[in-house]
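Participant: Quick one: this structure, given as structure tokens, is what I'll be asking you about.
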Amino acid sequence: MLLKAVNEEGWGSGSPVTYSRSLTFVLTHDCPWHCSYCGFRTDAEGLLSEANLDKLLAEAAGQGAKEALLISGERPDSLPHIRRELERRGFSDFWDFANQVADRCAGAGLFPHGNFGRMAEEELIRLRPHFVSMGMMLESAEDHFRLAPEKKAAGRIAGIEAAGRAGVAFTSGILVGWVRLGGKLGGSDPGPRCNVHLALDHLGLGDHGLWSGRQRPPGLVAVGPSGLS
């Protein structure tokens, strides 16, 4: 629908809108954070198995996907059961696991894009050779303790700045529905949205992805001009 509207209304000076088919590879839904709006996180799912990775790669090939979106909860190897599974499967840490999955995707002809939340500069540098691009949702330029008690805007901005220093092709975006007052989603106050767009523009990310805060449906997704987020 968005691509249809863009073409019919002539956005972008009549330039064609292109996209690539993408398949999402969830490395784990497990996350130590407790954002009240999130429909993604779980507590004890564990890591993507080798068998399910093989199935996803076969599905991507069968449906003509060109990109692989690798995602996870934030800092999953801060969870003891994830660390135990990584050790049992022979990985030094979660980034070692993510790099191997990215390499499997690249070997299958997919362009791997990683979105694992806030990362340090040295972690981004470590993953850079294995990923075509990476990203992280800024979500909001303001802190919302009731909605996201562990998530700090300053830390996420610092993560985007770290990606710039690391020379990583990076995407970001906003969480649609933040409101300034009331601690809930669904308000109409434009202030937080203006602030987050200003923050992204300041960081050099002029094209912003949008996310509703709900889990993406499984399967192929269309990726528009602003890339994946």
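The values are calculated or read from the model by the stated rules, or taken from the named source; none is laboratory data. On a predicted model such as this, the values are computed, not experimentally measured, just so you know. Neighbour counts are summed over all protein chains in view; Cβ atoms, including those assigned to glycine, are modelled from backbone coordinates with ideal geometry.
Participant: Quick check on this structure: which one of GLU87, GLU142 is touching a residue at least 24 places away in the same chain (Cβ under 8 Å), among the charged types (D, E, K, R) and more than 30 Å from GLY62 (Cα to Cα)?
Facilitator: Details: GLU87 fails: touching a residue at least 24 places away in the same chain (Cβ under 8 Å).
That would be GLU142, the only listed residue that is touching a residue at least 24 places away in the same chain (Cβ under 8 Å), among the charged types (D, E, K, R) and more than 30 Å from GLY62 (Cα to Cα).
Participant: How many residues does segment 93-113 hold that are more than 15 Å from SER133 (Cβ to Cβ), in a helix (DSSP H, G or I) and in contact with a helix residue (DSSP H, G or I) (Cβ under 8 Å, 6 or more places away or on another chain)? Show your work before the answer.
Facilitator: Here is the first cut: in segment 93-113, the ones more than 15 Å from SER133 (Cβ to Cβ) are 93-97, 100-101, 103-104, 107-109.
From the residues that got through so far, the ones that are in a helix (DSSP H, G or I) too are 94-97, 100-101, 103-104, 107.
Adding the requirement that they be in contact with a helix residue (DSSP H, G or I) (Cβ under 8 Å, 6 or more places away or on another chain) leaves 94-97, 101, 103-104.
Going through segment 93-113 one residue at a time, the tally reaches 7.
Participant: Do the conditions hold for PRO76, that is, is it out of contact with any Lys or Arg (no Cβ under 8 Å at 6 or more places or on another chain) and buried (at least 19 other Cβ atoms within 10 Å of the Cβ)?
Facilitator: Working: out of contact with any Lys or Arg (no Cβ under 8 Å at 6 or more places or on another chain): yes; buried (at least 19 other Cβ atoms within 10 Å of the Cβ): yes.
Answer is yes for this residue.
Participant: With the condition kept exactly as written, say whether any residue in segment 31-45 is of a type in the set (Asp, Glu), at pLDDT 95 or above and surrounded by 13 or more Cβ atoms within 10 Å (Cβ to Cβ).
Facilitator: Residues of segment 31-45 of a type in the set (Asp, Glu): 43, 45.
This time we only want the ones that are at pLDDT 95 or above, so: 45.
Next cut, surrounded by 13 or more Cβ atoms within 10 Å (Cβ to Cβ) only: 45.
The answer is yes; a qualifying residue exists.
Participant: Can you find a residue that is of a type in the set (Lys, Arg) and either more than 30 Å from ALA58 (Cα to Cα) or at pLDDT below 95 (or both) anywhere in segment 104-112? Reasoning before the result, please.
Facilitator: Here is the first cut: in segment 104-112, the residues of a type in the set (Lys, Arg) are 104.
When the remaining residues are screened for being either more than 30 Å from ALA58 (Cα to Cα) or at pLDDT below 95 (or both), the result is none.
No - not one qualifying residue is present in segment 104-112.
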